Amino acid sequence: MTPPVDIPKHGPSVISGVIQRLSVSQLKRHKLCPRAWFFQKVMRVPEPSTGAQQVGTEGHAQLEHFLSTGEDVLGTFARAGAHLLPTPGADLLVEQPLNGEPPLTAGGVPFTGFIDLVDARRLASDGVLRITDHKFTSNVATNAASAEQLADADTEPGLQMVGYGAWALSQVERFPGLRTLELEHLYYQTRGQRLAASVVATVPAEHVAHEWKSKVEPQVEAMKEHAQAARASDVPANYGPACGKYGGCPFMAKCLTGENKTMSLRDKLLNKASESAPLTVAAVERDAPELPAVLPPDAPTPTPVQTAPEVAQATEQPAPKRRGRPRKTAEPEQPTDAAPSPVSALRVLFVDCIPTAFDGPTPESLTSYVDTMHRKVAEAGGVDDVRFADSDSALGFGKWRGALAMAARAELPAPGSYVALGVAQSELMQVIVEALEPAFDVVVRGVRS
């Protein structure tokens, strides 16, 4: 008989290098990038919330209440999938905790968290148990997982659903005769047409048990080793798509430091200030090609970001055509006897590239600024997420883009260096980067091969 596992209900997930508890979300974060998990759970670096997360939180609360009580409190997004839900009833397990008796464990570490919905109505007759996770997404067609992915613990959606299936298999007395698991993602579209779709992977119980033992258990052992690392640079990082996923990694700035530092951007700018010619915006732009846009020293090669494009002077090359207002012209250079512009007053933006590690303060991720500006515009417009504003809202029909750009231009980030990753994957980041470009002294864009 398996001895009872004491699961700490409060406090950090990792204490003194020892994992106290895990969650399916932790598995997914570690699978995406072990170093990001280290920053989040071992170093406990805070990360900002987003409007999209708020939409999902509210939608889950509505579905939980509806399935538990039958009272129709479904909002616009959740209501689109009402026809795909089972009839509400007390026999449904809604928001089922993973730390029941016995709890889900891997490598001796207990799991916490909740499963959105467990439906055992076909268990007695067919030996089938359906496990459902609700997903709120901007586009069902492009973002929905496949049935094959839901059954494969090597994928992000499969890692989650296999974990939920493993919990069900541990509940032998609760689910007698369990032979088949239906692992379902129920998607609710939050942009454009109100749509919902169900994706189901039907797998035998033996498949889930094998996936958990052969893929998840080894991952947990790796997490236990990573939790004991003395510093973040000792934990492997997944450079590339992981850096730009979900609007950019919130821990990117802390990931820039390395053991073998080359000459930093700060040093280069200070050197310019010490030369006889005054440091001006034009001078910095002229020498911008010398500023390398590379990954940290421990990044594997080849890196997804190869080089930074040259920043040509406006007098030598005409500016490319761009949407919105024309770029502001640079201020005239100061007389030679004027005091040089302080480096601390410059604004430098790296777009889809990572600069060389700084000897001084590392560049900040633009993600938190984007989140702050988005929340201000959303609150002013009376919506949770500007991208999902209804047609009768002042932000509807894409008008939120102009409002967000205006807010960014009116409240610029403090002078300093910033990095914007995953611009193509985040509409919010894209709008703000485009709005800020004219106001920044140096903009360096990465080039992908």
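The values are calculated or read from the model by the stated rules, or taken from the named source; none is laboratory data. Not measured: the values here are computed from a predicted model. Positions of Cβ are backbone-derived with ideal geometry, glycine not excepted, and every protein chain shown enters the neighbour counts. Side chains are part of the model used for accessible areas, which takes the heavy atoms of the whole protein and leaves out ligands, DNA and RNA. Shrake-Rupley method; radii C 1.70, N 1.55, O 1.52, S 1.80 Å.
Can you bin segment 157-225 into rounded, prolate or oblate? Criterion: square roots of the alpha carbon gyration tensor eigenvalues sorted a ≥ b ≥ c, rounded for a/c under 1.5, prolate for a/b above b/c, oblate for the rest.
oblate
Say R0 is 22 Å: what FRET efficiency, to the nearest 0.05, do residue 44 and residue 234 get from their beta-carbon distance?
Values: r = 17 Å, r/R0 = 0.78.
The value I calculate is 0.80.
May I ask you to derive the FRET efficiency for residue 73 and residue 174 from their Cβ-Cβ distance with R0 = 45 Å, giving the value to the nearest 0.05? Present the calculation step by step, with values, prior to reporting the outcome.
On the way: r = 29 Å, r/R0 = 0.63.
With a Förster radius of 45 Å, E is 0.95.
In whole Hz, with x marking every Gly and Pro, tabulate ³J(HN,Hα) for segment 123-131 from phi via Karplus 6.51 cos²θ - 1.76 cosθ + 1.60, θ = phi - 60°.
5, 5, 7, 10, x, 10, 10, 9, 10
Could you compute the FRET efficiency for residue 95 and residue 146, with r as their C-beta to C-beta distance and R0 at 25 Å, rounded to 0.05? Kindly include the intermediate steps, with their values, before the conclusion.
On the way: r = 26 Å, r/R0 = 1.05.
About 0.45, to the nearest 0.05.
Can you pull the Rg over Rh of segment 45-192, Cα-only, Kirkwood?
Details: Rg = 15.7 Å, Rh = 16.4 Å.
Rg/Rh: 0.96.
Take the solvent-accessible surface of the protein heavy atoms, probe 1.4 Å, and return the percent of it on segment 129-243 that carbon and sulfur atoms account for. Spell out each step's value before the answer.
Numbers: 2450 of 4910 Å².
So the carbon and sulfur contribution to the accessible surface is 50 percent.
Using per-residue counts of other Cβ atoms within 10 Å, averaged over each peptide, order 131-142, 180-191 from highest down.
Details: 131-142: 18.5, 180-191: 22.1.
In decreasing order of mean packing, 131-142, 180-191 become 180-191, 131-142.
Output the relative contact order of segment 33-140, whole-number percent, from Cα pairs under 8 angstrom with separation of 6+ residues. The partial results should precede the final answer.
Numbers: 112 pairs, mean separation 19.8, N = 108.
Contact order relative to length: 18 percent.
Taking H as built 1.01 Å from N, whose amide H comes closer than 5 Å to the amide H of residue 139, not counting residues under 5 places away?
Answer set, sorted by chain and number: 190.
Evaluate the distance, in nm, between pseudo-label points positioned 7 Å from the Cα of residue 15 and of residue 439 along their respective Cα→Cβ axes.
That separation, rounded to one decimal, is 4.5 nm.
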